[in-house]
Every structure is written in C-alpha cells, then in structure tokens.
Amino acid sequence: MNAAPADQIRLLDLQALDSRLDQLAHRRDTLPEHAEIQQRSTDLTELRSLTVAAETQLSDTKRELVKAEQDVDQVSSRAARNKERMDSGAVTSAKDLANMQHEVGALAKRQSDLEDIVLEIMERLESAQTRVVEMTARRDDAAHSTAEAEARRDAAIAEIDAEAAKVTRERETVAAVIPADLMKLYTKLRQTQGGTGAARLFQRRCEGCRVELSITDLRAVRSAAPDEVLRCENCSRILIRTSDSGL
C-alpha cells in the first residue's frame with residue numbers, strides 16, 4: 001500500500017487523538033466515585049432496612065404498651081368496683097365479703113405485676129425510640145453522602161465528556177483527509193493491536209512495541225519509497241517515518 005508521507009504523518013495525529021479518547025473512556029469508567037457510590041449505596045440500603053426494622057419494633061412496642069396499660073386499667077377498675085361495693089355495705093354475707101376481700105387482694109397483686117410489665121415495656125419503648133432516632137440519623141447521613149458522591153461523579157463525567165467531544169471533533173477533522181484504504185488498515189490494526197494502529201519510528205525503535213529494528217529491517221526501511229506504507233516486523237503496526245527515525 002502507498003500513501004503520501006503527509007497522510008502517513010497524519011496517522012500519528014489521529015493515533016494521538018484516538019489514544020486520548022481511549023484514556024478518557026478509561027478514566028470515565030474507573031472514576032473512584034463509582035466504587036465509592038457502590039459502597040455507599042450498599043450501606044444506605046442496609047441502613048434503610050435497619051431503620052424500617054427499628055420503626056417496626058417501636059410501633060410494636062407502642063401497641064404492647066397500650067395493651068398492658070389497658071390490662072392495668074381493667075384490673076384497677078374491677079378492684080375499685082369491688083372496694084366500692086364493700087364500702088357501701090351492699091355485701092352482707094360474711095362468705096361473700098371474705099371472697100370479695102380475697103379477690104381484691106388478688107387483684108392488687110395482679111395490678112402490681114401488670115404495672116411492673118408496663119414499666120418494663122416503657123423502658124423498651126425508650127430504647128426503641130432512641131434506636132429509631134439513631135438509625136434515622138445514620139440513614140440520612142448516608143443518603144447525603146451518597147448524593148454528594150453522585151454529584152462529584154456527575155461533575156467529573158461531564159468534564160470528561162466535554163473533553164471527549166472536543167477531541168472527537170478534532171479527530172473527525174484529521175480522519176476526513178486520510179485516504180480511505182489507509183484509514184481502513186489503521187482502524188483494523190487498532191482493533192487487533194490494543195488500540196494502537198500506527199506508531200512512529202524513533203531512533204530506529206518502533207514506539208508501538210518498543211523494539212529496535214534489526215539491521216536487515218533498517219536496510220529495508222531505508223530503501224523503501226517515501227510513499228510506501230511500512231509495517232513493523234515485530235508488532236505489525238503501521239510504521240511512520242519522521243526526521244527523528246534515525247535512518
């Protein structure tokens with residue numbers, strides 16, 4: 001294949017632009033914010049679950065307290081009614097009076113036990129309320145931190161995309177004047193050679209594979225016509241001759 005030396009030199013400009021686009025794409029994909037957001041999102045999901053669990057526990061404890069307080073009220077009301085009947089003299093039978101006194105004593109014991117249960121539930125309720133406040137604060141902090149990381153990621157991506165758009169426009173300008181057959185070869189080699197399709201021959205060394213040309217290869221390069229498209233014998237990339245090739 002033959003191509004004007006100027007067109008071959010333009011391949012180096014194109015390669016530099018393509019390499020920059022590859023670097024920008026890699027940078028975009030490997031922003032530290034990606035891993036940070038993933039970790040923070042995982043933490044946030046867990047904290048949300050823990051907060052819901054704490055709120056559920058608090059709700060259950062509140063219902064338990066209401067039920068226990070109702071039990072105390074029922075026992076207290078019944079004891080009060082019995083005492084009122086006893087004090088009013090409505091119970092005249094000694095046996096009935098003794099039974100009622102026994103029941104009043106039992107109710108007093110029952111009420112005391114139930115009040116102890118109420119106190120125990122109230123302690124658990126206070127602990128559950130503290131847990132909800134703590135988990136809510138941690139969840140909100142995690143949500144805020146996640147949002148901040150996302151904002152930093154979006155700003156970094158926007159900056160990278162803006163530069164990539166600028167480089168892409170420059171690339172289109174350079175690519176537009178490169179012959180189609182040379183462009184096709186370059187594109188194919190870029191796909192098979194790790195993103196580098198053309199490399200400069202600098203001081204007798206291919207900058208694509210960093211291998212110095214042998215004496216035989218150097219003779220072949222020296223004898224080649226200026227418009228001949230050369231390939232590196234080691235890496236097969238298009239080898240671009242310049243004034244610094246050391247020929």
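The values are calculated or read from the model by the stated rules, or taken from the named source; none is laboratory data. From a predicted model like this one, the values you see are computed outputs, not experimental measurements. Every residue, glycine as well, gets a Cβ built from its backbone with ideal geometry; the counts of neighbours run over all protein chains shown. Side chains are part of the model used for accessible areas, which takes the heavy atoms of the whole protein and leaves out ligands, DNA and RNA. Shrake-Rupley method; radii C 1.70, N 1.55, O 1.52, S 1.80 Å.
Search the range 1-30 for residues that are among the basic types (Lys, Arg) and pair each with any residue that is open to solvent by 50 Å² or more (accessible area, probe 1.4 Å) when their beta-carbon atoms are under 7 Å apart and the residues are at least 6 apart or on different chains.
Note: pairs meeting the criteria are Arg10/Val177.
Within the range 209-247, how many residues are part of a helix (DSSP H, G or I) and either among the β-branched types (Val, Ile, Thr) or open to solvent by 70 Å² or more (accessible area, probe 1.4 Å) (or both)?
6
Take the residues in the range 160-180 that are over 13 Å from Ala16 (Cβ atoms) and either basic (Lys, Arg) or assigned to a loop (DSSP other than H, G, I, E, B) (or both), then tell me which one is least open to solvent (accessible area, probe 1.4 Å).
Ile178
Looking only at the range 164-177, decide whether some residue is modelled with pLDDT of 95 or more, under 29 Å from the mean Cα position of the chain (by Cα) and small (Gly, Ala, Ser).
Yes: one or more hits.
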